[in-house]
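Enquirer: Take this structure first; my questions come after.
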Number of protein chains: 2
Amino acid sequence: MKYTFGVDIGGTTVKIGLLDTDGTILEKWEIKTDKSNSGANILPDVAKSVLDKISEKKIDKADVCGIGIGVPGPVDSQGVIHNAVNLGWGTFNVSEKMAELTGFKCHTGNDANVAALGEMWKGGGMGYSDIVMVTLGTGVGGGIILGGKILDGSTGAGGEIGHIHVNDDETIPCGCGNFGCLEQYASATGIARTAKEMLDKWDKETVLTADDTSAKAVFDGVKAGDELCINVAKAFGDVLGKGLATIAGVVNPEAFVIGGGVSKAGEVMLGYVKPSFDKYVFKGASGAKLVLATLGNDAGTIGAAKLVL
Amino acid sequence: MKYTFGVDIGGTTVKIGLLDTDGTILEKWEIKTDKSNSGANILPDVAKSVLDKISEKKIDKADVCGIGIGVPGPVDSQGVIHNAVNLGWGTFNVSEKMAELTGFKCHTGNDANVAALGEMWKGGGMGYSDIVMVTLGTGVGGGIILGGKILDGSTGAGGEIGHIHVNDDETIPCGCGNFGCLEQYASATGIARTAKEMLDKWDKETVLTADDTSAKAVFDGVKAGDELCINVAKAFGDVLGKGLATIAGVVNPEAFVIGGGVSKAGEVMLGYVKPSFDKYVFKGASGAKLVLATLGNDAGTIGAAKLVL
C-alpha cells in the first residue's frame, strides 16, 4: 500500500491527513499554527508531525508518495509562495523547504486551488476534469481546475474570482480596496449586509431581525417561505449567477462546485443562482453544471494529497 | 531544415503558410473556401494545395513536422469541431480527417485561439507564456494561452470573451442572443454605434458625421483632439478595461494582446483602456501588461503551425 500526506495550512490550525492513493483519508489530525517569528516554525512543526506519524504507524518511507501542501496565499507553479500575510511568510519555495525537512517529494498550491482539486478528485466535482470551485464563506474564494490541473495564474492569482467587478454603484470598499467586487454580495458577509439593508426598508412581517440577518437565517427563512428572505436570496442569486456566467465565458468549465458556509443551505441556494446563470451565460458555455461541494473541511487535505500523485 | 504548414480556414478564403520551425513564414498563399456541399471539399482542397506545394518546392516529406489548422468554430482538445456554421460543417475530427488526406500529423484549434498562440509565439505576446488575446473586429474574439497551451474549454468555448456580460441596461440583443455583451461596446461595430448615439445628442463641433462614425474615424478624431471622439474612446476604454480586469481576476495572465481592426489605432487606443483596467483589476492580478498584436492576418497561420511543434 502507498500513502500520501495532505497538509492544509490555515491561520489558526494546520490540518493534516494521511491518505491512500485513492484519496481515502486513513487518519486526520490538526496541529496549531505557530505564527511567532514570522511563521518560521510552521513547516518544521508540520514536518515533525508527519515524520512522527510515519514512525507511529510503522510506515515504510519508500511507500510514501509525497506531501502536498495548501497555503493561504499566492503560489506559483514552482511552489514559491509570494507573501502569505496570514502566516507572516514572505517569499520562498515551500515545496523545496518541506522536501529538505522531510526527504519526501513535496508540492504546494494555494489553499483555495488545492480545495478545488480535492472537490474534483473526490467531491462534488468527481467525474469532471474542468471545474471552477467557488467558496462562499466570510469572503468568496475560488479555484480553477482545467484538464485536472490547477490554474495557478502567472502570479498565483488564478481563480481569485471573489474580486471580479460586478457593481458600478458600490460606495463601500471591498477588503481588497476595490469597489463592487463579487465578494461584497455573494459571501456570507455580503448576504448578511444585503439582508440588513433590505430589512431596514421592510415594513411587512419577516423572520429576520436586526440581530440576525446572517446567511443561515436568510436561507432558513427562504425554506419557510419568508418573502423578505426570498428577495435577499434573489439578489444574491442574480449577482452570483451573473458572475459565474462571466467566468464560464472565459474558461468554459464542465461544472461549478459551490462550497463554503453559504452552500450548507443546499440545493435551494443553487435554485436562486441557476436562473441568473442561464440568463447571462454565453450559449457555447452554457452546459456547465452547478453542483454543491461535498468534502467540507477535508477538501484541502484531500486536494493537497492529490498534488503529489 | 524542417517545415510546418499553418492553415487558417475562413469563411471566404483559406490562408496557408509554409514555415520553418522557428515560425518564419517561407511562403504564404490563399485558396478559395468552397462551401458547397456542406463544405465537404474544404479539407481535400487544402490537402491538395499542401501536397502540391511540397512537390513544387521538392520538400522531403520526412522533413514536414505536420499541419496545424485553425477553424472558425468550437474545437475540443482532441481536434473535434462542433458545428462551424460559417463553413457548413457539423461535428467531426478535423485533425484525423486531414491526417488521412495527407499522411502528416495534424492538430486543429479554434481560429481565435490559434491566432492567440501565434501572437504568443512570434507577435505582441512574444516572451510570455500566459496571455489573453483580444481581437477587436466586427465582433470581439478571444483566445487564452496558459503555460504556452491553448485553453480550449470543456466544449471549445474557452476564451469566448466577447460575450461576457458587462451592461445590465442594454435593450438591443447581441448577435449571440444575450443583452449587454462586451462585444456590443468594444468591437468596431460597437464603437461605431456608441459614436452614433453620442453624435445624435452632440451640439458642438466634431469631425464625426452621420455617414462615418466608424472606429477608425473615432480614433482619427481622438488623435486630432476632437472632444466627441475622446468621449467615445473613453466609453469604449471604460467598458473594455473593466472586462479585461474581470478576465485578469479569473486567469491572471502576464499580458493582454489586443488585435483586430480597432487595434490599428495603436497605443492611443490602449491609453483609454489602461486607466479602467487599473481601476477595476484585483491587485494580485494587476501586473498584466496591455500590448498590441503585431502579426495581423498572419497570426492564424503562424499559430496553426505552432500547434504541431
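Read-outs: derived from the displayed coordinates by stated rules, not from any lab. All of these numbers come straight from a predicted model, not from anything done at the bench. Here the Cβ positions follow ideal geometry from the backbone for every residue, glycine too, while neighbour counts run over all protein chains shown.
Enquirer: Using the Kirkwood radius over C-alpha pairs as Rh, can you work out the diffusion coefficient of segment A:1-128 via Stokes-Einstein at 20 °C, viscosity 1.002 mPa s, in µm² per second?
Expert: Result for D is 145 µm²/s.
Enquirer: Once the Cα gyration tensor of segment A:158-279 is found, what semi-axes does its equivalent ellipsoid get, as square roots of 5 times the eigenvalues, in whole Å, sorted largest first? Don't jump to the answer; show the numbers that get you there.
Expert: Values: eigenvalues 115, 60, 28 Å².
Sorted largest first and rounded, they come to 24, 17, 12 Å.
Enquirer: Using the 7 Å Cα-to-Cβ label point, sort the distances from residue B:1 to its equivalents in the other copies shortest first and give them in nm to one decimal.
Expert: 6.2
Enquirer: Hey, another quick one. Quick one: Cα convex hull volume of chain B, Å³ per residue?
Expert: 137 Å³
Enquirer: Further question: Projecting each Cα onto the charge dipole of segment A:62-209 (Lys/Arg +1, Asp/Glu -1 at the beta carbon, about the Cα centre), which of A:173, A:87, A:194 comes out farthest on the positive side?
Expert: Farthest towards the positive pole: A:87.
Enquirer: Report D for segment A:195-240 in µm² per second (integer): Stokes-Einstein, Kirkwood Rh on Cα pairs, 4 °C, 1.567 mPa s.
Expert: Translational D for this selection: 126 µm²/s.
Enquirer: Hey, another quick one. Mind listing the long-range amide H neighbours of residue A:106? Cut-off is under 5 Å, sequence gap 5 or more, other chains count too, H placed in the peptide plane at 1.01 Å from N.
Expert: Correct list: A:67.
Enquirer: Given +1 on the Cβ of Lys and Arg, -1 on the Cβ of Asp and Glu, and no further charges, what dipole in debye does the protein assembly as shown carry about its Cα centre, rounded to the nearest 20?
Expert: 1080 debye
Enquirer: Sum -39500 (n - 2.57) across every DSSP H segment of at least 4 residues in chain B, then divide by the residue count to get the 222 nm mean residue ellipticity, nearest 500.
Expert: My calculation for chain B gives -11500 deg cm²/dmol from helical runs alone.
Enquirer: Hey, what D do you get for segment A:139-202 in µm²/s if you plug the Kirkwood alpha-carbon radius into Stokes-Einstein at 10 °C and 1.306 mPa s?
Expert: 122 µm²/s
Enquirer: In addition: Kindly give the distances from residue B:212 to its copy-mates, label point to label point, with each label point 7 Å from Cα along Cα→Cβ, as nm values to one decimal ordered shortest first.
Expert: Going from nearest to farthest copy, the values are 6.9 nm.
Enquirer: Using only the alpha-carbon atoms, how far is helix B:227-251 inclined from the longest principal axis of chain B? Give it as 0 to 90 degrees, nearest 10.
Expert: With both axes taken from Cα atoms, the answer is about 50 degrees.
Enquirer: How large is ³J(HN,Hα) for each residue in segment A:86-93, as worked out from phi by the Karplus curve 6.51 cos²θ - 1.76 cosθ + 1.60 (θ = phi - 60°), to whole Hz, x for Gly and Pro?
Expert: Per residue, the Karplus-derived 3J(HN,Hα) values read 5, 9, x, 7, x, 10, 7, 8 Hz.
Enquirer: If you place +1 on the Cβ of every Lys and Arg and -1 on the Cβ of every Asp and Glu, how big does the dipole about the Cα centre of segment B:1-160 come out, in debye to the nearest 20?
Expert: 240 debye
Enquirer: Pull up the cross-link candidates among the aspartates and glutamates for residue A:223, meaning alpha carbon to alpha carbon under 19 Å and not fewer than 8 places away within one chain.
Expert: By straight Cα distance, residue A:223 reaches A:205, A:212, A:238, A:267.
Enquirer: Can you find, among B:164, B:185, A:219, the residue sitting farthest towards the positive end of the charge dipole of the protein assembly as shown, where Lys and Arg contribute +1 and Asp and Glu -1 at Cβ?
Expert: B:164
Enquirer: Assigning unit charges at the beta carbon (Lys, Arg +1; Asp, Glu -1) and nothing else, what dipole magnitude in debye, to the nearest 20, does chain B show about its Cα centre?
Expert: That gives a dipole near 560 debye.
Enquirer: Which value does Rg/Rh take for segment B:53-205 over its C-alpha atoms, Rh per Kirkwood?
Expert: Numbers: Rg = 19.3 Å, Rh = 17.7 Å.
Answer for segment B:53-205: 1.09.
Enquirer: While we're on this one: List A:163, B:107, A:82 from most exposed to least, where exposure is judged by having the fewest other Cβ atoms within 10 Å.
Expert: Placing the least packed residue first, the sequence is A:82, B:107, A:163.
Enquirer: Filter A:32/A:234; B:48/B:216; A:105/A:289; A:216/A:242; A:61/A:264; B:2/B:28 down to the pairs with a C-alpha to C-alpha distance above 28 Å, please.
Expert: A:32/A:234; B:48/B:216; A:105/A:289; A:61/A:264
Enquirer: Taking other Cβ within 10 Å of each residue's Cβ, how do B:269, A:1 sort, fewest first?
Expert: Fewest-to-most Cβ neighbours within 10 Å comes out as A:1, B:269.
Enquirer: If you fit an axis through the alpha-carbon atoms of helix B:42-56 and take the longest principal axis of the Cα set of chain B, what angle between them do you get, 0 to 90°, nearest 10?
Expert: That works out to roughly 60 degrees.
Enquirer: Give me the percent relative contact order of chain B, please, defined on Cα pairs under 8 angstrom at least 6 residues apart.
Expert: In percent, rounded to a whole number, it is 21.
Enquirer: Could you tell me which residue out of B:110, A:304, B:11 lies farthest along the dipole of the protein assembly as shown toward its positive end? Charges go on the beta carbon: Lys and Arg +1, Asp and Glu -1, centred on the Cα centre.
Expert: A:304
Enquirer: Now a separate question. Give me the distance between the Cα centres of segment B:194-239 and segment A:129-145, rounded to whole Å.
Expert: Result: 41 Å between the Cα centres.
Enquirer: Quick check on the exposure proxy: order A:56, B:183 from fewest to most C-beta atoms within 10 angstrom.
Expert: A:56, B:183
Enquirer: For the pair residue B:1/residue A:202, report the inter-label distance in nm, with labels modelled 7 Å from Cα in the Cβ direction.
Expert: Each label point lies 7 Å from its Cα, and together they span 7.5 nm.
Enquirer: Can you list the copy-to-copy distances for residue B:283, using a point 7 angstrom from Cα toward Cβ, in nanometres, shortest first?
Expert: Those label-point separations list as 4.3 nm.
Enquirer: Can you say what percent of the DSSP beta bridges in segment A:1-75, counting only those with both residues inside, are antiparallel? Round to 5.
Expert: On the way: 14 of 20 bridges.
About 70 percent, rounded to the nearest 5.
Enquirer: Whole Å is fine, so just give me how far the alpha carbon centre of segment B:258-309 lies from that of segment A:15-46.
Expert: 43 Å
Enquirer: Can you run phi through the Karplus equation (6.51, -1.76, 1.60; θ = phi - 60°) for segment A:290-303 and list ³J(HN,Hα) in whole Hz, with x for Gly and Pro?
Expert: Once θ is set to phi - 60°, the couplings for segment A:290-303 become 10, 10, 8, 5, 10, 8, x, 5, 7, 4, x, 6, 5, x Hz.
Enquirer: Using the C-alpha atoms of the protein assembly as shown, what convex hull volume per residue, in cubic angstrom, is computed?
Expert: Considering the Cα atoms of the protein assembly as shown, their hull volume per residue is 180 Å³.
Enquirer: Please work out which residue of chain A brings its Cβ closest to the axis of the rotation superposing A onto B, and round that distance to whole Å.
Expert: Chain A residue with minimal Cβ-axis distance: A:250, 2.
Enquirer: Over chain B, with a Gaussian network built from C-alpha contacts below 10 Å, which listed residue (B:144, B:16, B:247) shows the highest mean-square fluctuation?
Expert: Ranking B:144, B:16, B:247 by mean-square fluctuation puts B:247 first.
Enquirer: On a 0 to 90° scale, report how tilted helix B:267-280 is relative to the longest principal axis of chain B, with both axes built from alpha carbons and the result rounded to the nearest 10.
Expert: 70 degrees
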